[in-house]
Structures are given as structure tokens and as C-alpha cells.
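Participant: This structure is in C-alpha cells; I'll ask about it shortly.
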């Protein structure tokens, strides 16, 4: 049991070093026992040898499993992380939206979706270059994470759009969250010089909704916010 426990609770290479040390120690103790035993039965000796060989095979198998497990975790993280901002990407957020709909249907609760589109972001790219624009997106992502609670999820939805998923949140609570986000953006200069605002659209889950229905309503509200002059919050119709 030592080997599997080590590989479950320790990082792969730490577990491997620990297991090898434990195995070598067991071999030395076994050899010392054989040396101190006046007469060794051949069947007992064969059993000991088979045990040590089986342990080597088992340790090798555990090492391979741990290696592929870490690779799987890395690949899963890459597949669900936006490479620029290092927050969740659209694929992961879509999965979270589906799960939130299931929870809302089962528990008769609600959740809110906030679609956040940075105002005049193209102007920053055109005037200062895409590298500056990328840094703006990274700093905005970090700023938004600082506003959210631990149970609220943030993703880069696409381009300069971000999405917030707030579980067990009604429209009034969603509006308060949107105000905190807008206030945080207004009080912070990103990249040390840019004042950034956002048009925010809000929607909450309604009984019978699919995730696409909630997102479409948030998207429509966000476009109304942009059409009404930007730097404002609009709720679903």
C-alpha cells in the first residue's frame, strides 16, 4: 500500500523518490534478515524474490500512471484556460453554464450571467498596438477576479468580452455586482494610463431556460448598453 498512497498524496517525482527509497530500504532489511537466518527454506527464498520483483513491476506501473495523470491534468488545464489572460475560456464557461442550469432546475434556484464588453477597446489596439491591448485584457481579467466571490466564475468569452457566472444570484444581486465591477474599472487605470469602462448586460435563469437562452438575453442586454452610450448596465428584457 505504500506505493499507491505515495503516488496519490505526493507529486509524481517526490512519490517516485520516496517509493524507491522505501523499496531499497526493504531490500536491505530483507537481505539482512536472510544473512542472520541460519537456514533459509528454498520456497521462502523464492517467495521473497518474487515479492521484490513484483514490487519493482508495481512501482514502475505506478510511475507510468502518475506521469500520464499529470499530463492529463496539464492538457485539461490548457484546453479550458484562455492562454492570454490565464482565466477560464469559453469552453469551460459553457460547461459551467450547463451545470448551473441543471442545479437551478433541480434545486429551484437561480443564477446570473453578466456579459462585460470593454468600451472602445479597438481604439487602444489601433493607437498603441496589440501588445498593449493584450496587457489591458490581462489586467482587466485580474481586476475582475478581485471583485468576484470565490463561488463566482470568470471567463474570457471572446475578444474583449468577459463573462461572469454568479450562482444563486437574483437580478437585484446581479445589478449590485455589476455596479461593483463598473466602479472598480472606473477607479483603476490599467497599464498605468488607460481609463477603461465596460458595457454590461445582465440576465438571470428562468424556469425552463437552457444555457443558450440565458446567454442570448445577456448578450442582447449588453448590446443595448452599447447602443445607449456605453459605460452602463442593462438588464434583460
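Participant: Given (1) out of contact with any strand residue (DSSP E or B) (no Cβ under 8 Å at 6 or more places or on another chain); (2) outside any helix (DSSP H, G or I), identify the lone condition not met by residue 157.
Facilitator: Here residue 157 clears every test but (1).
Participant: For the stretch 140-156, which positions are in contact with a helix residue (DSSP H, G or I) (Cβ under 7 Å, 6 or more places away or on another chain) and within 21 Å of residue 102 (Cα to Cα)?
Facilitator: 153, 154, 155
Participant: Would you check which residues across the stretch 198-216 are assigned to a loop (DSSP other than H, G, I, E, B) and touching a helix residue (DSSP H, G or I) at 6+ places or on another chain (Cβ under 6 Å) and list them? Lay out the reasoning, then the answer.
Facilitator: Initial filter on the stretch 198-216 (assigned to a loop (DSSP other than H, G, I, E, B)): 205-210.
205, the sole residue that qualifies.
Participant: Report yes if some residue within the stretch 3-19 is surrounded by 15 or more Cβ atoms within 10 Å (Cβ to Cβ), at pLDDT 80 or above and closer than 30 Å to residue 173 by Cβ; otherwise report no.
Facilitator: Taking every residue of the stretch 3-19 in turn, none turns out to be surrounded by 15 or more Cβ atoms within 10 Å (Cβ to Cβ), at pLDDT 80 or above and closer than 30 Å to residue 173 by Cβ.
Participant: Every residue in the stretch 184-205 that is at pLDDT below 95 and either on the phi > 0 side of the Ramachandran plot or over 25 Å from the mean Cα position of the chain (by Cα) (or both), please.
Facilitator: 186, 187, 188, 189, 191, 192, 193, 194, 195, 196
Participant: A further question follows. Determine which member of the set 79, 47, 32 is surrounded by 10 or more Cβ atoms within 10 Å (Cβ to Cβ) and within 29 Å of the chain's Cα centre (by Cα).
Facilitator: On the way: 47 fails: within 29 Å of the chain's Cα centre (by Cα); 32 fails: within 29 Å of the chain's Cα centre (by Cα).
The match here is 79.
Participant: Taking the stated definitions as given, is residue 60 free of Cβ contacts under 8 Å to residues at least 24 places away in the same chain, outside the structural domain of residue 164 (by TED's automatic domain parsing) and exposed (fewer than 14 other Cβ atoms within 10 Å of the Cβ)? Please lay out each step first, then the result.
Facilitator: On the way: free of Cβ contacts under 8 Å to residues at least 24 places away in the same chain: yes; outside the structural domain of residue 164 (by TED's automatic domain parsing): yes; exposed (fewer than 14 other Cβ atoms within 10 Å of the Cβ): yes.
Yes, satisfied.
Participant: Being surrounded by 14 or more Cβ atoms within 10 Å (Cβ to Cβ) and within 20 Å of residue 185 (Cα to Cα) is the filter here; which residues of the stretch 220-231 pass it?
Facilitator: The first filter runs over the stretch 220-231 and keeps only residues surrounded by 14 or more Cβ atoms within 10 Å (Cβ to Cβ), leaving 220-226, 230-231.
Of everything in the stretch 220-231, those that are surrounded by 14 or more Cβ atoms within 10 Å (Cβ to Cβ) and within 20 Å of residue 185 (Cα to Cα) turn out to be 221, 222, 223, 224, 225, 226, 230, 231.
Participant: May I ask you to say which residue of 162, 111, 121 is closer than 17 Å to residue 210 by Cβ and surrounded by 18 or more Cβ atoms within 10 Å (Cβ to Cβ)?
Facilitator: Numbers: 162 fails: closer than 17 Å to residue 210 by Cβ; 121 fails: closer than 17 Å to residue 210 by Cβ.
111 is the lone residue from the list that is closer than 17 Å to residue 210 by Cβ and surrounded by 18 or more Cβ atoms within 10 Å (Cβ to Cβ).
Participant: So, restricting to helices (runs of 4 or more DSSP H) that lie completely within the stretch 72-152, which ones have at least 1 residues that are farther than 28 Å from residue 190 by Cα and assigned by TED's automatic domain parsing to the domain that holds residue 212? Write out each step before concluding.
Facilitator: Working: elements: 90-107, 121-128, 130-147.
Output list reads 90-107.
Participant: While we're on this one: Give the residue, chosen from 152, 145, 193, that is without any contact (Cβ under 8 Å) to a residue 40 or more places away in the chain and within 14 Å of residue 116 (Cβ to Cβ). Talk me through it step by step, then tell me what you get.
Facilitator: Details: 145 fails: without any contact (Cβ under 8 Å) to a residue 40 or more places away in the chain; 193 fails: within 14 Å of residue 116 (Cβ to Cβ).
Just one listed residue meets the conditions, 152.
The values are calculated or read from the model by the stated rules, or taken from the named source; none is laboratory data. Predicted, not measured: the structure shown is a model, and the values here were computed from it. Virtual Cβ from ideal backbone geometry, glycine too; neighbours counted across all protein chains shown.
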